[in-house]
1. I need the full set of residues from segment 72-90 which are under 15 Å from the mean Cα position of the chain (by Cα) and either more than 17 Å from residue 22 (Cβ to Cβ) or not in a loop (DSSP other than H, G, I, E, B) (or both), in order please.
2. Of the residues 49, 55, which single one is β-branched (Val, Ile, Thr), surrounded by fewer than 16 Cβ atoms within 10 Å (Cβ to Cβ), in contact with a strand residue (DSSP E or B) (Cβ under 9 Å, 6 or more places away or on another chain) and modelled with pLDDT of 95 or more?
3. Is it fair to say residue 65 is in contact (Cβ under 8 Å) with a residue 12 or more places away in the chain and touching a Pro at 6+ places or on another chain (Cβ under 8 Å)?
4. Could you go through segment 46-58 and let me know if any residue there is within 27 Å of residue 128 (Cα to Cα), in a loop (DSSP other than H, G, I, E, B) and of a type in the set (Asp, Glu).
5. State which residue is surrounded by the most Cβ atoms within 10 Å (Cβ to Cβ) when the search covers only segment 91-120 and only residues that are in a helix (DSSP H, G or I) and hydroxyl-bearing (Ser, Thr, Tyr).
6. Residues to consider are 109, 102; find the one that is under 21 Å from residue 64 (Cβ atoms), within 18 Å of the chain's Cα centre (by Cα) and without any contact (Cβ under 8 Å) to a residue 12 or more places away in the chain.
7. When both residues are 6+ apart or on different chains and their Cβ atoms are under 7 Å apart, which pairs have a first residue that lies in segment 162-183 and is touching a residue at least 12 places away in the same chain (Cβ under 8 Å) and over 7 Å from residue 235 (Cα atoms), and a second that is of a type in the set (Asp, Glu) and surrounded by fewer than 24 Cβ atoms within 10 Å (Cβ to Cβ)?
8. Does residue 10 count as under 17 Å from residue 221 (Cα atoms), in a strand (DSSP E or B) and under 19 Å from the mean Cα position of the chain (by Cα)?
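The values are calculated or read from the model by the stated rules, or taken from the named source; none is laboratory data. The structure presented is a predicted model; accordingly, all values stated were derived computationally and were not measured. With ideal geometry, Cβ positions are generated from the backbone for all residues, glycine too; neighbour counts draw on all protein chains shown.
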Amino acid sequence: MLLQDRTAVVYGGGGAIGGAVARAFAREGARVCLAGRTAESLERVAADVRSAGGVAETAVVDALDPAAVERHADAVGRIDISFNVTSMNDVQGTPMAEMDVEDYLRPVETTVRTHFITTKAAARIMKRQGSGVLLFFGGSGEPMRDYSLGGLQTAFEALESMRRQLGSELGPYGVRTVTLRTGGVVDSIPVGFEGRDAIVDGIVATTMLGRAATLEDVGNVAAFVASDRARTMTAATVNVSAGALID
């Protein structure tokens, strides 16, 4: 198994992407610690992990609260992998030039704050261990021409700056930083979400393979990147876009 005897913390572990990545980590032998605001969704993912023979723990944690995140990190103990995919509370579908400034900035402010808090907590432990992986999700990409994303892409760009700087500062301690870039994961978009059909069509149409990344694809790649088989990868992005994003 790629992640045998590793401990992974997944913030937003009750969501579609967080849950998929947590399940993949567990399949590869990791102890998975799911953190988020809603106990019910965390427990659903944990139940899936346990039913498949994996190890999962849950904790209700507000990833915007530094003290809560630090307490949880100390309770977890060893942290080999930290992955944050908490909700950005973003507003989409409104042209940027017509948005309220608060709606545009909310995902940027939320994303920068929560990732700074969670990576800081994990880095404190990883530096002491002399190893660890900080995984990010999103990355840079082409603008979506047929749908308005608001501040979402700006938030992702901010994370890329954070990922590069952390990679530089934490590399001497054996800590790696990697971003997963997908170009969109269609089965993570809830049925009934306003504009879903247009988003899905736009994502698939831009791929070279005629299909978009699935939740399982994202989980499998995340598990590989977090493992020692990817130990030379840091301050880097991994393209999981089926050709929607061109490097």
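1. Within segment 72-90, 81, 82, 83, 84, 88, 89 meet the criteria.
2. Working: 49 fails: surrounded by fewer than 16 Cβ atoms within 10 Å (Cβ to Cβ).
Matching residue, one of 49, 55: 55.
3. On the way: in contact (Cβ under 8 Å) with a residue 12 or more places away in the chain: yes; touching a Pro at 6+ places or on another chain (Cβ under 8 Å): no.
No: the conditions fail for residue 65.
4. No: zero hits.
5. Of the residues in segment 91-120, the ones in a helix (DSSP H, G or I) are 96-98, 101-120.
Right, trim to hydroxyl-bearing (Ser, Thr, Tyr) and you get 104, 110-111, 114, 118-119.
Numbers: 104: 17, 110: 19, 111: 25, 114: 22, 118: 27, 119: 24.
Here the residue is 118.
6. Working: 102 fails: within 18 Å of the chain's Cα centre (by Cα).
The conditions single out 109.
7. Note: pairs meeting the criteria are 179/160.
8. Yes: the conditions hold for residue 10.
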